[in-house]
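To keep things clear, I will list the structure first and then write my remarks on it.
The values are calculated or read from the model by the stated rules, or taken from the named source; none is laboratory data. Bear in mind the structure is a predicted one, so any value in this text is a computation, not a measurement. As a convention, Cβ positions derive from the backbone with ideal geometry for all residues, glycine included, and neighbour counts pool all protein chains shown.
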């Protein structure tokens, strides 16, 4: 099980996922975190990188990627 930072419903969150075969990931859960928390320098860098690549919508117990839509 891995985790990353992401934007879920417009707020910063940590997403927890299981990696399936290949690059496919199955998101298990998320928890919103406060962006104003005192993060370490390395964590701030991770947040900046992950926010660009991970944007999701969570509704009706399902996650939908917002970046793959045209």
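What the table shows:
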quantity: The range 16-70 - residue that is touching a helix residue (DSSP H, G or I) at 6+ places or on another chain (Cβ under 8 Å) and either in contact (Cβ under 8 Å) with a residue 12 or more places away in the chain or exposed (fewer than 10 other Cβ atoms within 10 Å of the Cβ) (or both) and, of those, nearest to residue 4 (Cα to Cα); calculated: 35
quantity: Selection status of residue 13, at pLDDT 95 or above and either assigned to a loop (DSSP other than H, G, I, E, B) or buried (at least 16 other Cβ atoms within 10 Å of the Cβ) (or both); calculated: yes
quantity: Filter pass, residue 66 being modelled with pLDDT under 95 and on the phi < 0 side of the Ramachandran plot; calculated: yes
